[in-house]
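Notes follow once the structure below has been shown.
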Amino acid sequence: MNEKHRQVRVWLEKVFAGNPIPQYEISERPVELLYQLMVKNEKRDRDLQILTEDLRQKADEYNLEAIRLAQLLQPVGLTAASLSQPGTTSLRTLTSTALLLDIKDASDTSYLLGMSEVAQAMTKVSEARVAEQRHCAHLTTKTKAALQKTQALKKSLVGLEEQERYQGPELDKKAKRAALIQSKAKEYKKQIQDLQNQLSRNGLEPHLYHQSVIKKAEELQTLQDRLIPLQARLDSYQKLPPNISLAKVKIEEAKRELASLETDLAKNIASMHM
């Protein structure tokens, strides 16, 4: 209340301008009422000041307009007071038009040239506006396409996130399984190397390794496959009459070839059992 009372006291001194201030009760309610009255009064004073300033500015503008019209009418022997209201309005319109067209005088030719320049400028502006509209339409089309792509990418992203949420645990399992398999593969590879080193230390010959045995078995199967048709030929030769010398020669050749194959077969069998 002390601050409000101080402001009220200053305001009352300003209002009474050195005259005695009437007595009033110094309590919360009267001070509050006087404070509200002070606020409203100061607001009204500010509004009146703004209005007064606006009216003063308009008066200055009217005076300047009157001087300008007088200067325009003076060359033709007229005064602003001698014109009617429509005449004054027309004169103001012509003046404003001349200022807008930026012409040097008020002749018909100057007005026509000024209007022609304005028309050309309007044409250029219209052409630029059409080009800008086309450019805007092109940008709008590209923007729509970009928005569609953005929506499609958002949908794809949502789908991938859903897929990741559902397949994530399974992928983690597969990754762990792959890591386990790789670890086991390294372990088995080391064990194979250790066993091969142990077999080498124990004197195991390389031809007894699994791959060598498989190769020998394949060679043996090849010899057996070759032996079957020769055996069939030999059987057919043995059925020939004994008095045919040519048959005997063929039989002997077949026997020798068969014996050679059997010898090779026996060697391969023996090498497999070593």
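The values are calculated or read from the model by the stated rules, or taken from the named source; none is laboratory data. Please read these numbers as outputs of a predicted model, since none were measured by experiment. Please note: Cβ atoms are built from the backbone with ideal geometry, for glycine as well, and neighbour counts cover all protein chains shown. For accessibility, only protein heavy atoms count, side chains too; no ligands or nucleic acids. Shrake-Rupley method; radii C 1.70, N 1.55, O 1.52, S 1.80 Å.
Below are the figures for this structure:
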| read-out | value |
| --- | --- |
| Flag if THR88 is open to solvent by less than 90 Å² (accessible area, probe 1.4 Å), polar (S, T, N, Q), in contact with a Phe, Trp or Tyr (Cβ under 8 Å, 6 or more places away or on another chain) and modelled with pLDDT under 75 | no |
| Candidates GLN221, GLN238, GLN211, filtered to the one that is modelled with pLDDT under 65 and open to solvent by 90 Å² or more (accessible area, probe 1.4 Å) | GLN238 |
| Qualifying positions in region 98-141 - of a type in the set (Gly, Ala, Ser) and either at pLDDT 80 or above or farther than 30 Å from ARG68 by Cβ (or both) | SER116, ALA119, ALA121, SER126, ALA128, ALA131, ALA137 |
| Region 117-175 - residue that is basic (Lys, Arg) and over 25 Å from the mean Cα position of the chain (by Cα) and, of those, most open to solvent (accessible area, probe 1.4 Å) | ARG134 |
| Out of ALA81, ALA17, sole residue that is small (Gly, Ala, Ser), on the phi > 0 side of the Ramachandran plot and modelled with pLDDT under 80 | ALA17 |
| Odd one out for LYS216, checked against (1) closer than 30 Å to GLU253 by Cβ; (2) modelled with pLDDT under 75; (3) of a type outside the set (A, V, I, L, M) | (2) |
| Residues satisfying the stated conditions in region 22-55, i.e. over 23 Å from ARG9 (Cα atoms), open to solvent by 90 Å² or more (accessible area, probe 1.4 Å) and at pLDDT 85 or above | ILE50, LEU51, GLU53 |
| Residue list for region 22-66, restricted to those being assigned to a loop (DSSP other than H, G, I, E, B) and under 58 Å from the mean Cα position of the chain (by Cα) | none |
